[in-house]
1. I'd like the full set of residues that are in contact (Cβ under 8 Å) with a residue 60 or more places away in the chain, out of contact with any Asp or Glu (no Cβ under 7 Å at 6 or more places or on another chain) and open to solvent by 20 Å² or more (accessible area, probe 1.4 Å), limited to the stretch 177-195.
2. Given the residues VAL331, VAL313, which is the only one that is of a type in the set (Val, Ile, Thr) and touching a Ser or Thr at 6+ places or on another chain (Cβ under 9 Å)?
3. Taking the stated definitions as given, is PRO373 touching a strand residue (DSSP E or B) at 6+ places or on another chain (Cβ under 8 Å) and either surrounded by fewer than 16 Cβ atoms within 10 Å (Cβ to Cβ) or touching a residue at least 40 places away in the same chain (Cβ under 8 Å) (or both)?
4. Which of the residues that make up the stretch 19-49 are in a loop (DSSP other than H, G, I, E, B) and under 20 Å from the mean Cα position of the chain (by Cα)?
5. Looking only at the stretch 273-325, which residues are open to solvent by less than 10 Å² (accessible area, probe 1.4 Å) and within 16 Å of ligand 1 (Cβ to nearest atom)?
6. What single numbered condition from (1) under 29 Å from ILE370 (Cα atoms); (2) touching a His at 6+ places or on another chain (Cβ under 9 Å); (3) surrounded by 15 or more Cβ atoms within 10 Å (Cβ to Cβ) fails to hold for THR260?
7. Could you tell me which numbered condition GLY289 fails, if it satisfies all but one of (1) part of a helix (DSSP H, G or I); (2) touching a strand residue (DSSP E or B) at 6+ places or on another chain (Cβ under 6 Å); (3) not aromatic (Phe, Trp, Tyr)?
Amino acid sequence: MYDAIAREVVRRCRYLATCSDEPGCTTRTFLSASMRAVHAEVSRWMTDAGMRVHVDAAGNIRGVYPGRSDGSRPLYIGSHLDTVPHAGAFDGVLGVVIGVALVDSLRGRRLPFGIEVVGFSEEEGVRFGIPFIGSRAVVGEVDAALLAATDASGTSVAQAIGDFGLDASRIADARAASNPVGYLEFHIEQGPVLDTLRRPVAVVNRIAGRTYADVSFIGSAGHAGTTPMDARHDALTAAAEWIGCVEAQGRGTGGLVATTGRIEAAPGAANVIAGRCRVTLDVRHGDDGVRTAAVDRLRAAAQEIAARRGLTVEWSPRFDSAAVAMHPALVAMLTRAVERAGATANVMSSGAGHDAMILAPHMPAAMLFIRTPGGLSHHPDEAVMEEDVAVALAAGAYFLDELAGVSEDPPLHSVDD
Ligand code: GLV
Ligand code: MN
Ligand code: MN
């Protein structure tokens, strides 16, 4: 029944992947020109599905589908529209497009709750090195320091918002309603579990915590031809030694993943010893104690390496988030919806971060993962199977049905229940 809609969902995602900051690949950063093109298209789809559309001051596109009465509480359905560099077509985008398709499938039928589909402007943290700007605005966590953060060209978050034609001083208006029904996110799994199990979807029960920091080694630049090897304070070789420690920490600690995804050496010439070297650190684990202990060890290792080599080290925290649980009642409801859709309902935790981890401390949240062939993501060949998207759509429709049945007297009013 959802086959044709699933085909259209996949077509839409592939179309949005052509909106890119760079030709020949998909790279779409916070409030770039290509995001404007995406907004134009998503806005058309939302309007056709019966939603009122606006873009909030954080650049999130929001389609509002009213409920049965004026005071109906909203269910938020969303994910992000920005991408990593050289991305695939489905990370984030699929969740927004599925949200629009689910509203469209209601064909104007009003539910006891409203639905607001949100295309978050920024989840990946590529432009400003700070993730989740879109969802943090929705929970009221964008402060003056975040608005003042600058990108590589020196443009601040506030300025980027202004350049997009939005007003950063209205950021508080982006906040979610105070009494939402909850938040639902559809997302590709981005890993191999479902592909290995040959299952189309899984219900997420927990999202791993994450530490993200910039680590800079500061030595001294010098001539590559004349400075003896034992007289150097090479920032790049110090960083290289530490990067090896990061990998060893990840390999040696069960369930820990530790990544140094980006390195910049300055001044950056073949014949100059690097005087500064900045490395990004991304550490994740389902258990916050294991993660923070690993980060403490890596910090000590950076200091030891720097001191031994006559350098200093600067540690700049970028983002720190505890592991978060999805709401048990919504997890159970989504599990039933998957079973009604004819699939086996696996429940699994997420190693990747998602907008749901920002919203979950503020409202009941749930996520459905969709199989990612080969587990390949953050890669241009990222894919989904249409039949899996059809299962996700059916599960989403059953979820809305059951929620409609209980939401007149909702059991989901608090994350503490
Ligand atoms: C989001 O893509 C993440 O880095 O987990
Ligand atoms: Mn991603
Ligand atoms: Mn994502």
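1. So the first thing to find is which residues in the stretch 177-195 are in contact (Cβ under 8 Å) with a residue 60 or more places away in the chain, and the list is 177, 179-195.
Narrowing the set further to residues that are out of contact with any Asp or Glu (no Cβ under 7 Å at 6 or more places or on another chain) leaves 177, 179-184, 186-187, 189, 191-195.
Within the stretch 177-195, ALA177, ASN179, PRO192, VAL193, ASP195 qualify.
2. Working: VAL331 fails: touching a Ser or Thr at 6+ places or on another chain (Cβ under 9 Å).
Residue meeting the stated conditions: VAL313.
3. Working: touching a strand residue (DSSP E or B) at 6+ places or on another chain (Cβ under 8 Å): no; either surrounded by fewer than 16 Cβ atoms within 10 Å (Cβ to Cβ) or touching a residue at least 40 places away in the same chain (Cβ under 8 Å) (or both): yes.
Answer is no for this residue.
4. The answer is CYS19, SER20, ASP21, CYS25, THR27, ARG28, THR29, PHE30, LEU31, SER32.
5. Across the stretch 273-325, the qualifying residues are LEU281, VAL283, ARG291.
6. Just one mismatch for THR260, condition (2).
7. Condition (2) is where GLY289 drops out.
Condition check ((1) modelled with pLDDT of 95 or more; (2) surrounded by 20 or more Cβ atoms within 10 Å (Cβ to Cβ); (3) charged (D, E, K, R)) across all residues:
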| residue | (1), (2), (3) |
| --- | --- |
| ALA6 | yes, yes, no |
| ARG11 | yes, no, yes |
| LEU16 | yes, yes, no |
| ASP21 | yes, no, yes |
| CYS25 | yes, no, no |
| THR29 | yes, yes, no |
| ALA33 | yes, no, no |
| ALA40 | yes, no, no |
| MET46 | yes, yes, no |
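The values are calculated or read from the model by the stated rules, or taken from the named source; none is laboratory data. Note that this is a predicted model, so its numbers are computed, not measured. Cβ atoms come from the backbone with ideal geometry, glycine included; neighbour counts cover every protein chain shown. These area figures cover heavy atoms from the full protein model, side chains too; ligands, DNA and RNA do not enter into them. Shrake-Rupley method; radii C 1.70, N 1.55, O 1.52, S 1.80 Å.
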